[in-house]
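The values are calculated or read from the model by the stated rules, or taken from the named source; none is laboratory data. Note that the structure is a prediction, hence the values are computed from the model and not measured. A quick note on method: Cβ atoms are made from the backbone with ideal geometry, for glycine too, and the neighbour counts reach across all protein chains shown.
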Amino acid sequence: MYHAPTELNDALRTLSEEGGQVVAGGTDVYPSAKQGKMPTHFLDLTRISGLGGISHHQDSIRIGATATWTDVIKSDLPAAFDALKQAAREVGSVQIQNSGTIAGNLCNASPAADGVPPLLALDASVELTSMTRGSRRCPLSEFITGVRQTTLLPDELLTAILVPPPPVEMGSAFEKLGSRRYLVISISMTAAMVSCDDTGKIEQARIAIGACSPVALRMPLLEASLIGQTPKDVTIDPDLFASLTPIDDVRGSTEFRLDVVVEQCARAVKRAANL
Amino acid sequence: MNNRAGIKGTTFHLDGTQVEGFPVPGARLSEMLREQLGARDVKIGCNAGDCGACTVLIDGDPVCACLTPAQQVDGKRVETLRGLQRDDATAQVLGESFQDHGAAQCGICTPGMLVSAVALLRGTPNPTDVQVQDALGGVLCRCTGYRKIIDAVVGTKPITENTPGNIGDAIRRVDGLGKVSGVEAFGDDVAPPGTLEIFIIRSPYPRAKFTLGDLDAYGAQEGIAAVLTAKDITGKNAFGVIPQFVDQPVFAETETRFRGEAVAAVVGTPEVIGVLDPDTFPVQWTELPPISDVKSAQRPDAKQLHDGRSNNVMCGGFVQRGDAETALAGADVVVEGHFQSGFVEHAYIEPEAGFAEIVDGRVEVHACTQAPVMDLEALEVILGMDRSQIRIVPTGVGGGFGAKLDITVQPYLALAALKTGKPVRLAYSREESMQSSTKRHPSDIQLRIGASKSGEVTGFDFYGEFDTGAYASWGPTVAIRVPVHASGPYKIADYRAESKGIHTNNPPAGAFRGFGVPQSAIAQESLFDVLAEKLGIDALEFRIKNALENGASTVCGQVFSQGVGIKACFESLRSAWVAEREMAAEINAQNSKIKRGVGVAGGWYGCGNTSLPNPSTIKSGVLADGTVILHQGAMDIGQGANTVIAQIFATALGVPVGSVKIVGPDTDVTPDAGKTSASRQTYVSGNAARMSGETLRSLILEKINVAADAKMEFDAGRLIATDTGGSHTIDLASMEQDGDGFIFRAEETYDPPTKPLDANGQGAPYAQFGYAAHLAVVEVDTALGTTKAIKFVAAHDVGKAINPMLVEGQVHGGIAQGLGMALMEEYLPGRTENLHDYLIPTIGDIPPIETIIIEETDAHGPYGAKGLGEHVLIPTAPAILNAIYNAVGVRVTKVPATPSKLRAGIKAGPQ
């Protein structure tokens, strides 16, 4: 069956009663489809009213479950979202950005998911909704638990990504390293959010790194070390990356990832500070 | 279109018309468009969003139809290339522009490119290069090198001229319209919807024993028409491209030798094949330890893959001239190096595909191929049928680059059609295309080169091992070609070069643009830079000093009295070499992290088979209605043979190219113009076309009795010849026709004059070589290890540019492939079997390319022309590697120079 409900309640009921492959943009569902193992039940979220778009609320900016990368790029958002917008522009291609959703990127839980570091830096949470239990909120840092693993329960949908209003003075930037210009899976990536005081010294800093551990990570020690530094001359202490455990694969060695991510952080911080 | 039971209709606007499809749950939009709604202009290259060939617009936005659930378009507006070309002015202008710039070569990516570009231009009518790159970054092209596509979208001044299309004229491709309008039919575009399909059961292991279970029970399931195995082969279960090395089974019989090798094929309805789970097929596997590299393959205890090939050595090649060892001992400077490269995948955007049916008791195979007559000869043996009972009708070819020389889908199609008596189709998935098609040979090369203080190369000793994988394919050709070419286009009196092709349990390595020469060029051209640096001689001047010349002997003892254009190629780079290095020095003085470097490299390539017969036949004629027919059997795989051969023929006949009607390759009606390989079509088939045109012209002139320089025109049923004596008209309709309906006919064959190589590789392997020199400018981000190409200047001696636009197209495309080989491409069986782990350059990776055409005419070539197809990538990778060294002092000896590898070199410090 192919269900394409227009109301969230119908979708949640279908999910709890029949299950099925949840699909929105299809940009992860189809590439991972194996010959002869394609699901036969689908639950398409794209026609559900109120599930798309990006909206501003008192306590949060809400990115709906079916909001695409293109929706993010085109939205009027605070400077702290620049990293997310830059990540969106680096996701696959225009075709992928037009179809793929940020929510799907989180649920797919790839270690190289481009959306995760910027959203970690934004202290984002996810809203998980089920038919029987209603909605719950889960910090993004707790939602993704491992490679392709999340706390999403079988009867739940990720209905929104919620971002607390970021400090207006914070700028942000995203750095992605790949072996070619477009359509490339990250070797490593860094999202940085910073703000500086009147003397030009960093007073707030948030750093998140992806593709260097099973789940992208915030770097609290590194963030603390940035406070008081001048972005232009920022020094990044490689010893503060101990939480990273990058794999050694065709895209790059462990040593390489640990090496370049230091430089990437420095560049991201500078760009986040508008240098 | 049928309303299938239980399937809800999906109603939407397709190119302005309301339509209804009935997709099964989860069906891809691309599948519904192609199979239910006739939109075969939507191409399938990967089914994973990696190539963008299937791009369509949904409510105006470009998306991959392969990633879109078909049901999602209900109530929406879908636009594809065909509709856009019909109705949309922007698309029509773009289609013209693509043709004027040569932006479509094979044409398989063209729908994705054009549709994406239309979406861009609707919002941004005057885009910059970068905006075009951002908009088209999701569509891969393997032919063009992208720059002409950017030019076409931006709308720069066209290259084409409005001329009659004689030789030297940069005219549009004669087959370009079908490519930009989405009507050209490729391998998977010819089968009627609903045709039986084939699914091949392949080995999941590099080496495994297997036993097949109850195939009768399996085959009795509803919707399965047949199960094919080695037992169903009516002839011989073997194929191969070289008669002495026919060693590959259509279906393995007891043991598989590489991951992806076929053991059986299931023929069934599309509904059954579409959901067939290979795990349910009755086969038991026992994994065996594989041989995965050439060193372990040659150990005494290594399992031998093929009888008669001890130590797994398939064969070797050898060229010796003078005394390399003594020369090296006496050289003032000797440098040496160890160079390695991995498997490179052709990555044409069109996976192998075709269709077969039984017509009047004969089997007809329609598939993408580079060598229709070789396909016929292979099927003759496999099917055990007389060749008169087999017909090969090539479809459009969505890129080949060497791998579509070998048979792929053809035997499965023919066997299935014969067994079921019904039409059948087969399209490889991207994964099975990458697993089972041939690759570029991995190389392991040891090289020593000596020179005198004054900068003359004095000794050269080359030893190379090439991983030919599980089966021979074109491995022997690589083994033989490499020692002949490893010197590069230089004068080297004391030379020794030995190569070996070694079997492993890797995929068969075969023909890939350059046949091993790009690998040996990396070693030779890298060491030339090392030598020049040690000698304190400018790298370009060092090459010019040693460059081959007319009257000088090649390493095979062949002396060309004319046509050697390598020195002119290098000399044409001098001004750029000076200017680019000055600019690099300026930039480097101001930057600590980004370092710019400039590199140069040369190359040569012998056109046609090595010391073997290599004929092409071209037939032409004039019909009673005045139509001039050219039977053009040289496969156009995007490189432009249809246009080049027609231009040569038209020039020889003395008519505009527009008045020639081409009848393409078809083994029933068109003579064999040989395979599209070895850069031989312009030269060899071009000569046959020239001769055919000349003969046809002289027959006509003789009949009318006019002067040799008479002007000819063909009108409805009449031929008008005009010379100084006036106009002469003959009424063709009243004249006698032959069996083909021809009033006049000419069929001519050309075979290049070569001589065999002796035990020391001395002889005349090729009647002509083409020559090339590339200059590469790169920037290395020293902190990240990334390399960005900034610019190429590419000089090519093509003898005579039959069509300068197509020459540029070849140069650009070759450079893109060379860049991929240098910086990012490495095929690892089981690991990079898709186009997101195996990376080829995108539109953002290829910088501007300046093409310099050198015309050192060749006495053997048609109007002096030389081949070009392979030459274009031979110097690219070493030029890039030399530029990287120039930038950061790191000599990369194992390609690809990935960021990880280069950064490690930079950290280790200059060598």
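Values for this structure:
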read-out: Residues satisfying the stated conditions in region B:842-860, i.e. assigned to a loop (DSSP other than H, G, I, E, B) and touching a strand residue (DSSP E or B) at 6+ places or on another chain (Cβ under 9 Å); value: B:ASP845, B:ILE846, B:PRO847, B:PRO848, B:GLU855, B:GLU856, B:ASP858
read-out: In region B:48-79, the residues that are within 30 Å of the chain's Cα centre (by Cα), crowded, with 24+ Cβ neighbours inside 10 Å and not in a strand (DSSP E or B); value: B:GLY49, B:ASP50, B:CYS51, B:GLY52, B:ALA53, B:CYS54, B:ALA65, B:CYS66, B:LEU67
read-out: Some residue of region B:5-23 being touching a Cys at 6+ places or on another chain (Cβ under 6 Å) and either within 12 Å of another protein chain (Cβ to nearest Cβ) or surrounded by 24 or more Cβ atoms within 10 Å (Cβ to Cβ) (or both); value: no
read-out: Total residues in region A:27-40, condition without any contact (Cβ under 8 Å) to a residue 60 or more places away in the chain and at the interface with chain B (Cβ under 7 Å from one of its Cβ atoms); value: 8
read-out: Subset of region A:92-151 that is of a type in the set (Asp, Glu) and under 26 Å from B:GLN72 (Cβ atoms) - its residue that is surrounded by the most Cβ atoms within 10 Å (Cβ to Cβ); value: A:ASP114
read-out: Among residues of region B:619-634, those that are out of contact with any strand residue (DSSP E or B) (no Cβ under 6 Å at 6 or more places or on another chain) and crowded, with 24+ Cβ neighbours inside 10 Å, counted; value: 2
read-out: Residue match in region B:832-840 (condition: away from chain A (no Cβ under 14 Å) and either under 17 Å from B:PHE512 (Cα atoms) or in a helix (DSSP H, G or I) (or both)); value: no
read-out: Single unsatisfied condition, B:GLN18 versus (1) of a type in the set (S, T, N, Q); (2) more than 25 Å from A:LEU43 (Cβ to Cβ); (3) in a helix (DSSP H, G or I); value: (3)
read-out: Elements of type strands (runs of 3 or more DSSP E) contained in region A:112-216, each with 3 or more residues being over 17 Å from the mean Cα position of the chain (by Cα); value: A:134-139, A:188-196, A:202-210
read-out: Residue ranges of helices (runs of 4 or more DSSP H) in region B:125-182 with at least 2 members within 14 Å of chain A (Cβ to nearest Cβ); value: B:129-136, B:147-154
read-out: Test for A:VAL91: is it aliphatic (A, V, I, L, M), within 14 Å of another protein chain (Cβ to nearest Cβ), in contact with a helix residue (DSSP H, G or I) (Cβ under 8 Å, 6 or more places away or on another chain) and touching a residue at least 24 places away in the same chain (Cβ under 8 Å); value: yes
read-out: Residue check for B:ALA152: surrounded by 21 or more Cβ atoms within 10 Å (Cβ to Cβ) and touching a residue at least 40 places away in the same chain (Cβ under 8 Å); value: yes
read-out: Those residues of region A:217-274 which are more than 14 Å from chain B (Cβ to nearest Cβ), among the acidic types (Asp, Glu) and either crowded, with 18+ Cβ neighbours inside 10 Å or within 19 Å of the chain's Cα centre (by Cα) (or both), in sequence order; value: A:GLU223
read-out: Residues satisfying the stated conditions in region B:319-352, i.e. farther than 27 Å from B:MET821 by Cα and among the hydroxyl-bearing types (Ser, Thr, Tyr); value: B:THR326
read-out: Only one of B:ARG28, B:ARG82 that is in the same structural domain as B:VAL132 (by TED's automatic domain parsing) and in contact with a Cys (Cβ under 6 Å, 6 or more places away or on another chain); value: B:ARG28
read-out: Condition broken by B:PRO878, with the remaining ones in (1) modelled with pLDDT under 95; (2) under 14 Å from B:ALA523 (Cα atoms) satisfied; value: (1)
read-out: Pick from region B:807-820, criterion of a type in the set (A, V, I, L, M, F, W, C) and more than 17 Å from A:ARG181 (Cβ to Cβ), ranking: nearest to the other protein chains (Cβ to nearest Cβ); value: B:VAL811
read-out: Residue that is nearest to B:HIS836 (Cα to Cα) [pool: residues in region B:45-56 that are in contact with a strand residue (DSSP E or B) (Cβ under 7 Å, 6 or more places away or on another chain) and either of a type outside the set (S, T, N, Q) or more than 14 Å from every other protein chain (Cβ to nearest Cβ) (or both)]; value: B:GLY49
read-out: Subset of region A:1-26 (residues that are hydrophobic (A, V, I, L, M, F, W, C) and within 7 Å of another protein chain (Cβ to nearest Cβ)); value: A:MET1, A:ALA4, A:VAL23
read-out: A:THR46 being among the hydroxyl-bearing types (Ser, Thr, Tyr), surrounded by fewer than 18 Cβ atoms within 10 Å (Cβ to Cβ) and facing another protein chain (nearest Cβ under 8 Å); value: no
read-out: Tally of residues being under 13 Å from B:GLN71 (Cβ atoms), in contact with a His (Cβ under 7 Å, 6 or more places away or on another chain) and of a type in the set (S, T, N, Q) across region A:1-59; value: 1
read-out: Per-region count, region B:480-509, residues outside any strand (DSSP E or B) and under 20 Å from B:GLY608 (Cβ atoms); value: 10
read-out: Failed item, numbered, when B:GLY830 is tested on (1) on the phi < 0 side of the Ramachandran plot; (2) in contact with a Lys or Arg (Cβ under 9 Å, 6 or more places away or on another chain); value: (1)
read-out: Filter result for B:ALA264 (within 30 Å of the chain's Cα centre (by Cα), surrounded by 15 or more Cβ atoms within 10 Å (Cβ to Cβ) and not in a loop (DSSP other than H, G, I, E, B)); value: yes
read-out: Unique residue being over 20 Å from B:ALA773 (Cα atoms) and away from every other protein chain (no Cβ under 14 Å) when the list is B:GLY905, B:GLY861, B:GLY844; value: B:GLY861
read-out: Qualifying positions in region B:614-639 - over 25 Å from B:GLN768 (Cβ atoms) and not in a loop (DSSP other than H, G, I, E, B); value: B:GLY621, B:VAL622, B:LEU623, B:VAL628, B:ILE629
read-out: Count of residues meeting criterion [part of a loop (DSSP other than H, G, I, E, B), within 14 Å of chain A (Cβ to nearest Cβ) and not hydrophobic (A, V, I, L, M, F, W, C)] in region B:769-803; value: 2
read-out: Some residue of region A:51-66 being touching a Lys or Arg at 6+ places or on another chain (Cβ under 6 Å) and more than 9 Å from chain B (Cβ to nearest Cβ); value: yes
read-out: Residues of region B:46-71 classified as on the phi < 0 side of the Ramachandran plot and either out of contact with any Gly (no Cβ under 8 Å at 6 or more places or on another chain) or modelled with pLDDT under 95 (or both), total; value: 10
